[in-house]
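This report concerns only the one structure given below.
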Amino acid sequence: MRQVTAGMAVIALVMAFGGGVAAQQTLVEGVAKSCEKELTTYCKDVTPGEGRSLACLYAYWEKLSDQCDYALYDAAAQLGRAVNVLTYTMNECRDDLTTYCATIQPGEGRLLQCIDKYEAKVSKRCKQALKDTGQKK
């Protein structure tokens, strides 16, 4: 089986639970461009949104062009790296987030803004994780 099935699973997971809006948009646009033929051939009657186009491509995974297959695989790899960064950061900053940001709704950079607000009190572990992942300098 091609890598596309694992790639699609990661894409669906990250699109549902995390990742920046701009990064998601760039990945979606790249996949849409690379899979344009497949989307217009097999998925033309699918209403875009909520993963329906991705599910349609998954249904036709055996018929995907190499270009489309690679775009899905590449997007999944990028999103996988983003998940790793998020997991590492959340693990290292868990205590700080619980202490200073427990009432903050995740998303749209609000947790990072909260950590910034309490920067003087944030643990060295959390600060290092933010630096390691390029979220802070």
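Readers should treat all values here as calculations from the given coordinates under stated rules, not as data from a laboratory. Just so it is clear, the model here is predicted, and its values are computed rather than measured. When we count neighbours, we look across all protein chains shown, and the Cβ atoms used for this are built from the backbone with ideal geometry, even at glycine.
How would you order 61-73, 95-107 from highest to lowest mean count of nearby Cβ atoms within 10 Å?
Ranked by mean Cβ neighbours within 10 Å, highest first: 61-73, 95-107.
How do the peptides 27-35, 113-121 rank, highest first, by the average count of neighbouring beta carbon atoms within 10 Å per residue?
Packing proxy ranking, top to bottom: 27-35, 113-121.
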